[in-house]
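Coordinate-derived values only; no laboratory data. Keep in mind that what you see is a predicted model, and the values were worked out from it rather than measured. Backbone-built Cβ (ideal geometry, glycine too); neighbour counts: all protein chains shown.
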Amino acid sequence: MLKNFAKCPHCGKQPVRLSEKTVLLNRSDGKTFHLTMFSGPYRRQVTAGDLRIDQLFCTFSYVHDRLGPNNEYVAVTIDLAQAREKDALRQVEDVADQIAGVVSRGVKVPRLYRFHGGRLEPEMG
């Protein structure tokens, strides 16, 4: 799996991000697909009573040759986000690896996921 490239080995283009502030984070097999973090990660805090949970939210775009030339999008909520940015970015990298594994199969990916305890699970919504 190829990671965090400036020029996509699959399509030859520069990865598209919402802004220059979006972390350059992507994956490709170099042949049939690519996955790019389109926006994020954005940090938010969710409070339930006395409990505060840090979350990260990010959106990925992907293309797989079996599915056609148009971008598809996946939104991910990362529960229990690490406080240190370096550690939080490792969580986002783990998410990218797991989504790339799903995308590599050449089937349409659910649009919403939750990442909790190292596991990526589709959300109904």
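If a residue must be of a type outside the set (Val, Ile, Thr) and over 17 Å from residue 120 (Cβ atoms), how many such residues does the stretch 59-75 contain?
Here the count works out to 8.
Which residues, counting only those in the stretch 79-111, are part of a helix (DSSP H, G or I) and without any contact (Cβ under 8 Å) to a residue 24 or more places away in the chain?
Of everything in the stretch 79-111, those that are part of a helix (DSSP H, G or I) and without any contact (Cβ under 8 Å) to a residue 24 or more places away in the chain turn out to be 85, 86, 87, 90, 98, 101, 102.
Can you name the number of the only condition in (1) outside any strand (DSSP E or B); (2) within 18 Å of residue 18 (Cβ to Cβ) that residue 42 fails?
(1)
Starting from the stretch 1-15, take each residue that is touching a residue at least 12 places away in the same chain (Cβ under 8 Å) and polar (S, T, N, Q) and list its partners that are part of a loop (DSSP other than H, G, I, E, B) and exposed (fewer than 14 other Cβ atoms within 10 Å of the Cβ), counting only C-beta distances under 9 angstrom and pairs at least six apart or across chains.
Listed by first residue and then by second, the contacts come to 4/24.
If I filter the stretch 54-63 for residues that are in a helix (DSSP H, G or I), of a type in the set (A, V, I, L, M, F, W, C) and touching a Leu at 6+ places or on another chain (Cβ under 9 Å), do I get at least one hit?
Checking the stretch 54-63: not a single residue is in a helix (DSSP H, G or I), of a type in the set (A, V, I, L, M, F, W, C) and touching a Leu at 6+ places or on another chain (Cβ under 9 Å).
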